[in-house]
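This report concerns only the one structure given below.
Just so you know, all these numbers are worked out from the coordinates, no wet-lab data involved. For clarity, every value in this text was computed on a predicted model and none was experimentally measured. Ideal geometry is used to build each Cβ from the backbone, glycine not excepted, and the neighbour counts take in all protein chains shown.
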Amino acid sequence: MRGVAGDPVHQDVLSILNESHALNAKIFSLVRLKLLASLAALGPDGATYRELKAALDIPDGVLYANLNVLKEMGYLTSEKIIFEGKDLELYTITGEGQDEWTRTRKWLCKFLYCGE
Amino acid sequence: MSMAKRKKVIAFFKELGFQLDINRFDDRLVAQKLVCLLELKGIDLGYPCSMYVRGPYSPDLTRDLYEFHNEFEQFTTESHLGAHEKGTARNLDRIFGLKPILLEVGATYGYFSMKDGCSPLEALTCVKRLKPFYSEAQIAVGISKAKEFLFEPTAKDLEELKKETSIWQKASLRSMEH
């Protein structure tokens, strides 16, 4: 045990895990991270429900529920649009969502490269 | 550099008669796909596309479209297109006609073929997976437009095509003699 505690990588991991308190634990699910990462890259343009479903290969129930949770947290907004005669739902990341994603991405990258 | 590249894109949009309305989803999509197809055609506009959930896409272009939407909407540019660029713009307009779905399918197919090095069959499969909400017909037409715009036949292709069609041409001429 002393050997592990003295391991610099172990110390780094503990230190990075302690920093995670500044993050919103509710976004730490694979689906929510995928959605935030995808929509953050598109900025104010957003993506439609059907685009997210096809590209991320997420079942309807799971996708809809997670989009709603992110909306309730204030990280996403949605609006109805008409495209080529079809009613579609467009999802866009908010400023708050962008900030949260930036913090989370920074933390995840630090965690991933820890010990390299 | 940032301004020069933006002005060049505006010059292309002007040539194509594409007047952006930033509040319209269709227009933002058309802008992205036009730029992607022009980049794939070898015109360096400074907005390279990468693959996102919406297909080939340039976040840098999105930023400029929003930040400078007045310039795009009013065709504010001092940049002029050369003869080759004008020809490419005319071809793009003739083949796709600013139709959002065809541009989207075409750009996606072109990206998978040219950037990812997919075979025609692999590229078709990827387009169908990413855009399952479009009909078979829309995908087929979009791909055929992409091929017409992006892949110019080589001398060898033309020779083979000539060989392939010459039999039918001869038969057709013979049938006219009777």
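Quick rundown of the values:
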item: Listed residue pairs exceeding 18 Å between alpha carbons, taken from B:K33/B:K131; A:K26/A:K53; B:K33/B:K99; result: A:K26/A:K53
item: The protein assembly as shown, helix-only ellipticity at 222 nm - DSSP H runs n ≥ 4, -39,500 (n - 2.57), divided by all residues, nearest 500; result: -20000 deg cm²/dmol
item: Chain A, relative contact order in percent, only Cα pairs under 8 angstrom and at least six apart counted; result: 31 percent
item: Selected from A:Y64, A:Y91, A:Y75 as most flexible by GNM, with chain A as the system and alpha-carbon contacts under 10 Å; result: A:Y64
item: Relative exposure of B:R174, A:R103, judged by other C-beta atoms within 10 Å (fewest first); result: B:R174, A:R103
